[in-house]
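Okay, structure first, notes after.
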Amino acid sequence: MAEVTMPRLSDTMEEGTIASWLKKPGEQVNKGDVIAQIETDKATMDLTAFEAGTLQEILAPEGTTVPIGQPVARIGSGSAGSKSGSATAERSAPRPAVAPSPPAEASAPPAAEETGPNTEEARENVAEAAEPTESPSRQDQRPTTAEPPAQSAEAANGKVRASPMARHIAAEHGLDLSRISGSGPQGRVIRADVEAALSAPSAQPPQPAAAAPAPPAAGGDDERVALSQMRRTIARRMAESTRTVPHFFLTTTVDATEMASLRKQINEQMADDGIKITFNDMVVKGVALAIRKVPEVNVSFAEDSVLKHKRVHIGVAVATERGLIVPVVRDVDQKSIGQVARETRDLAERANSGRLQPPDYTGGTFTVSNLGMFGVEQFNAVINPPEAAILAVGAITREPTERDGQIVVRDHMKLTLSVDHRALDGAIGARYLQALKAILEKPMLLLV
């Protein structure tokens, strides 16, 4: 009998919610059949069967949230409920319990980066998900004293080997990872080790920390709505970004009068072809061309190094009913503005319908967030790690300005660049904004 486990369907996924079962116990399943719909932090995706047989048992009912690697169903060769010797033995053996869906106020565990390549952390998460869950009896027996572990948890460079989740939990409780015995591969500290250290009577005392505010109490007219997978991921990642990334902000004002004129001409000429260019399409194209002039901003921060990207993949923030998601338009600098417009529109439609696939929202190197359509004139966007910058685009407003010694009314647009000071300095950010401003104020460059 084969167990169907919760797969990793995206780089940032730590758990999935069973949205619906498309097969019932007792039904025949072929290899490659879609047996369930899984809600992840990005989209609703298919769970396919990797073996043929009969769906024997559903272990995770609809609405249940299950960590990666935990079993959600069993597929066997007999009918549902078969009591063959092997099946009976397998049923009698203890199996990991399916985690219930967390309440709205619960914090989601950290995950790999939402966009941009952070393969090292993703591999660590995969490794942790693949490690067997230890029974309570084994956890009780694990040494949790301050003695150094038999197999050192420190790497050659002196840094403690630990999974991202273990580091997160240890930081929350003020634990020193170097004093915790690691049971993972090569002595790596994993989540179970930290939890065991916390539950042990002799655990090191946590460092004083500010008390977390109590969740608000619901009144008679209030409704408490559980957070979706996407909303939990947004909350965690934005908190991590503002807490760990030293942001600084640079703002410039672009004369968008020529942009408006060119956009009108393009849309009039291309109306029969069904192409409609937006101001955001022009900004996205301009962002990519400016990156070619100042490539230093097209980087990702990687703790002890900076990863320089040779290709320009622009993430475009899209607000959906489920929350914010950032699909990625690839190689924007090499595409026409018409191609950028078509791809952006297609990605936005699929984002709103929950049909994005992992390649659609991973691998971005720079992000554009536009709130101009809502009348917001200026705002500071939160960086999407491991990217080093994000551009916030405000509304176009009509303002009087001096031009050739005359006061005239022109279209203006404010752009604010949020920069990770660990990877970039103010001068680089300023040069980038200068290059972008020059391109957008002479928008015929977008067509070259």
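Looking only at residues in segment 303-349 that are more than 15 Å from residue 280 (Cα to Cα) and under 16 Å from the mean Cα position of the chain (by Cα), the one that is surrounded by the most Cβ atoms within 10 Å (Cβ to Cβ) is 325.
Restricting segment 17-52 to residues that are under 22 Å from residue 236 (Cα atoms) and part of a loop (DSSP other than H, G, I, E, B) leaves a set whose member that is modelled with the highest pLDDT is 40. Every test in (1) aliphatic (A, V, I, L, M); (2) at pLDDT below 85; (3) surrounded by fewer than 20 Cβ atoms within 10 Å (Cβ to Cβ) is passed by residue 13 save one, and that test is (3). The set of residues in segment 261-295 being in contact with a helix residue (DSSP H, G or I) (Cβ under 9 Å, 6 or more places away or on another chain) and of a type in the set (D, E, K, R) consists of 263, 273, 276, 281, 285, 292, 293. If you go through segment 352-380 and keep only what is among the hydrophobic types (A, V, I, L, M, F, W, C), without any contact (Cβ under 8 Å) to a residue 40 or more places away in the chain and surrounded by 15 or more Cβ atoms within 10 Å (Cβ to Cβ), you end up with 371, 379.
Among the residues making up segment 53-92, those that are of a type in the set (A, V, I, L, M) and at pLDDT below 70 are 80, 87, 89. Being out of contact with any Leu (no Cβ under 6 Å at 6 or more places or on another chain), assigned to a loop (DSSP other than H, G, I, E, B), modelled with pLDDT of 80 or more and not assigned by TED's automatic domain parsing to the domain that holds residue 410 is a condition met by at least one residue of segment 189-201.
Which numbered condition in (1) without any contact (Cβ under 8 Å) to a residue 40 or more places away in the chain; (2) more than 20 Å from residue 377 (Cα to Cα); (3) not in a helix (DSSP H, G or I) is the only one that residue 427 fails? The number of the failed condition is (3).
The rows are residues; the columns are (1) without any contact (Cβ under 8 Å) to a residue 40 or more places away in the chain; (2) more than 21 Å from residue 439 (Cβ to Cβ); (3) assigned to a loop (DSSP other than H, G, I, E, B).
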{"residue": "300", "(1), (2), (3)": "no, yes, no"}
{"residue": "303", "(1), (2), (3)": "yes, yes, yes"}
{"residue": "307", "(1), (2), (3)": "no, yes, no"}
{"residue": "311", "(1), (2), (3)": "no, no, yes"}
{"residue": "315", "(1), (2), (3)": "no, no, no"}
{"residue": "319", "(1), (2), (3)": "yes, yes, no"}
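Scanning segment 371-401 for residues that are under 12 Å from residue 326 (Cβ atoms) and either polar (S, T, N, Q) or not assigned by TED's automatic domain parsing to the domain that holds residue 319 (or both) yields a single hit, 384.
Taking segment 417-446 as the range and being of a type in the set (Val, Ile, Thr) and either within 14 Å of residue 388 (Cα to Cα) or not assigned by TED's automatic domain parsing to the domain that holds residue 388 (or both) as the test, the residues that pass are 419, 428.
The values are calculated or read from the model by the stated rules, or taken from the named source; none is laboratory data. Computed from a predicted structure; not experimentally measured. Note: ideal-geometry Cβ built from the backbone for every residue, glycine included; neighbour counts use all protein chains shown.
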